Structures are given as structure tokens and as C-alpha cells.
Amino acid sequence: MASSEPFVKSFWPNNRIASVDVYRGFVMLLMMAEVLFLSKVSQKLPDSSFWQVLSFNQSHVPWTWLALHDLIQPSFTFLVGVVLPFSIASRRSRGATFGNLLQHTIKRSIILICLGIFLRSMNSSQTNFTFEDTLTQIGLGYTFLVLLGFYSQRVQLIALIAILFGYWLAFALYPLPGANFDYASAGVAANWEHNLQGFLAHWNKNTNLAWAFDRWFLNLFPHENSFLYNGGGYVTLSFIPTLGTMILGLFAGNILNSIKNPQEKLKSFILIGTSLILFGVFLHLTGINPIVKRIWTPAWTIFSGGICFLLLALFYGVIDIKGAKRWSYFLVVIGVNSIAAYVIADGGIRTFIDKSLYIHLGRNFDQVFGSAYATLFAGMLVLLFEWLILYWMFKKKIFIKI
């Protein structure tokens, strides 16, 4: 541990929470690694359970429960809440007033929403006004989160309970589809294998309250055609329980920022995380509320929030308590520039790199290890160049902040 300290100080930016940067870097790496297209490898090797497992965990589940890939958005969102107590304290120490903080917060919220819309419009013929992606969801709830940051944990807990219970109740009270409901107009089959039954049907794909809201709300914006449904079932109103995920992160940030010793903090993360996971599973199995990421059900907020607590515990235990930081350099480069990493992975840079490789290395360069691994090999090179861009920014101390 001691021998690695000089190395750590040589690359770690000042005033950063080490474990949070590594956790964020891990999450963004999962997002950037979409370029590996593991599902295509699995399709060409159908008898390989190894590639099937990897493919499953690089995709989103159709409706209930989760795969590893489903943890990207809640983790990124959770970490927004984790760093908030430190951000507020830092700005206050530099003389910022509540008015200054509120002004900056509103500005940041607007930028996040606009950036999310911009990235979703990259391949569209006109602005794609959609509000269900990670950045816009955070932007829609961020101002409320910051306001809660000035209140006690008791008030924050009351707000979390009110948000999740209110969101649950609103869905529960919305009427189920009638016998003559036109499922085709909602983009889902009446007998879809993932449809839930009984009371849980209130949280089915594109027949729920949030879907009905989007049929009105999104049509207030210009579209080539009237909005009828989102093919994946994603909804704008998810920003409400997403705020709940950020509040859970705020709780974690409060613990990190407390005077507790590191071991006590670690125990708190593990206890809270385990309790949340068990409670989320209980809500799902008892038929009170299903675990569905795509509409961010309260059970999903609780369940995924518990996993985020445990992941934070893992990185905090390894990085901050054990002091094993040397291995994390690769993730730190990504984690300290998460907005840049997001834009690189979700914008046109990835496509530009991919096309450039085929131009300069030849149309068949990806066949080195055979056609089955073509997308994997090309994707690894793209991922490498993406990381090198972030590495160059890191060495030049260029950090994109909003």
C-alpha cells in the first residue's frame, strides 16, 4: 500500500473521491464497450454458453429483472447524488451563496436536457424531442435533488418515500386496457410473453400511465409523425423515480462525507444495500410492484439502488480502505471525464473511428481471428482509440464539466 502511494498521487486529480471516480469509470466503460457487439459474436457461435452469457449482460432485459447492462443508468444516476454533498460544500467554501448555487443548478439541468436531446438527434432528420435517456432524466430531476441537498436527511427520506409511493399509486390507479384496446397502436402484442398479469399489469409495456402521458406530452413537440409509443417502452415520467435513485446516492454521499470511520461507512453501505435489494425483491415477488428498469418502477429504484450501494462498497473497500489504487488507472482516466466519455460513446466520434479503421486498415482487417470475432476485434480497436482520446485529455488536464 505504501509503495504505491507516490504512483497514486502522480496521476490522481486533486479533490477527487477515489472510489467514486473508479466506480464511474467502470460504469462508463460498460457503456463504451457496447462497440464490442458481443451479441453478434454470440449469434455466430450459438453453441457457446460463454458468449451467450456475455451477450445477455451487454443488452437490456425485455421487461422485468435485469442484466449487467441495465445497471449503467442507475449507477451513473446514483453517483450524481453521491458527489452532491461534496459539490455543495466545495462551492460554499469558495463563497457561493444559495442563489449562486441555484442559478448554476438550473443552468446545469438545462444543459443536461439539451445535450441528451442533441445526442438522440444525431441520426435524425430533425430534432428528436425525447426525454427518457440518461442525461435528460438526470437533468429533469437535478434541480430538485440540489434543493433537497440543503435539507436534513429526515426531509430527504420523506421526499424519497413520497416520490416512490406517489409514483406507485399513480400507476396503480390508472385503468387497465379494456377488452377492445388496440394493442397494435401501442406497439405491443396483447399476448406478449413478458406481459404481467393481475395487479402487476398496471406496469405493462405501453399500456401504463407514463405511456399515456407521453402520448400527450411528446406530441406537443414537432415530429415527422405523431408519437404513438416508444419501441422499448421507455417513458418521460421515469425522471420522477430516477430522482429517487439520486436521493439514494445523496444518502451514500452523506455517509461518505460524515465523520464516521471508513469501516463504519463500509458497513453502512453493505447493510443499506442488502436491505434495499431484499425489499425490492419482496415488492416484486409479493405482487406489490414489479422490478422494471424501462419505466423505472419504485421496486426497480429500490432494488437497483441497493446494488449501487454494494458496488460503491466494493470500490470504496478496495480503493479507499485497502488503498489498492494502482490497477485502477485505466478506469480513472474514464471516470474523471465521464461527460466526455458519454459523448464519445453516444455521439458520432465512435462511428468516425470505426469508419476510419476500415478506410486505413482495409475492409477485411477485422477478419484476423475469423468472421465470428470480426465485430469484437474491430470494437476493441475502437474502444482503445476512445480511451486514448480520454487519456490525452487526462494528461492535458482537460476535464469537461457542466
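No lab work stands behind these numbers, since they all come straight from the coordinates. Just so you know, these numbers come straight off a predicted model, no measurement behind them. Counting neighbours? That spans all protein chains shown, and the Cβs are built from the backbone with ideal geometry, glycine included.
When the helices in the chain are scored as -39500 (n - 2.57) per DSSP H run of 4 or longer and the sum is shared across all residues, what 222 nm value do you end up with, to the nearest 500 deg cm²/dmol?
On the way: 16 runs with 238 residues, N = 402.
Roughly -19500 deg cm²/dmol at 222 nm, from the helical runs in the chain.
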Next item on the list: Starting from the Cα of Thr351, step 7 Å along the direction of its Cβ; do the same at Trp327; then give the gap between the two resulting points in nm.
Entry: 3.8 nm
Check: Taking a label point 7 Å from the Cα of Ala212 along the Cα→Cβ vector, which residues of the stretch 222-240 have an amide N closer than 19 Å to it?
Finding: 227-230, 233-240
Next item on the list: Could you grab the relative contact order for the stretch 110-207? Cα pairs under 8 Å, six or more apart, rounded to a whole percent.
Entry: 18 percent
Margin query: Need one word for the stretch 299-402: rounded, prolate or oblate. Basis is the Cα gyration tensor (sqrt eigenvalues a ≥ b ≥ c); a/c below 1.5 gives rounded, then a/b vs b/c decides.
Written below: prolate
Check: Residue by residue, what Karplus-based ³J(HN,Hα) values in Hz, rounded to whole numbers, does the stretch 342-350 have, using 6.51, -1.76 and 1.60 with θ = phi - 60° and x for Gly and Pro?
Finding: 5, 5, 4, 6, 9, x, x, 5, 4
Item checked: Taking the chain and dividing mean pair separation by its residue count, relative contact order in percent (alpha carbons under 8 Å, at least six apart) -> 27 percent
Item checked: Normalised contact order of the stretch 187-252, rounded percent, pairs of Cα under 8 Å and 6 or more residues apart -> 29 percent
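Quick one: grab the alpha carbon gyration tensor of the stretch 99-196, order the square roots of its eigenvalues as a ≥ b ≥ c, and give me rounded if a/c is under 1.5, else prolate or oblate depending on whether a/b is larger than b/c.
Numbers: a/c = 3.72, a/b = 1.35, b/c = 2.76.
The shape class here is oblate.
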Notebook entry, point to check: Say we join alpha carbon atoms closer than 10 Å with springs in a Gaussian network model of the chain; which of Pro85, Pro298, Pro241 then has the biggest fluctuation?
Noted result: Pro85
Check: To the nearest 0.05, what FRET efficiency results for Asn128 and Lys107 with a Förster distance of 30 Å applied to their C-beta separation?
Finding: 0.85
Check: Going by the alpha-carbon gyration tensor, a ≥ b ≥ c the square roots of its eigenvalues, is the stretch 21-145 rounded (a/c under 1.5) or, if a/c is not under 1.5, prolate (a/b greater than b/c) versus oblate?
Finding: prolate
Item checked: Spin-label model distance (nm) - Leu271 vs Ala201, 7 Å beyond Cα toward Cβ -> 4.3 nm
Margin query: Whole-Hz ³J(HN,Hα) for each residue in the stretch 375-382, computed from phi via Karplus 6.51 cos²θ - 1.76 cosθ + 1.60 with θ = phi - 60°, x for glycine and proline: what do you get?
Written below: 5, 5, 5, 5, x, 5, 5, 4
Item checked: Cα centroid separation, the stretch 276-306 to the stretch 329-394 (Å) -> 35 Å
Notebook entry, point to check: Under a 5 Å amide H to amide H cut-off, with H placed in plane at 1.01 Å, what residues pair with Ile400 once short-range neighbours are removed?
Noted result: Ala340
Checklist line | Separation of the Asn225 and Tyr391 label points, Cα + 7 Å toward Cβ, nm | finding: 4.5 nm
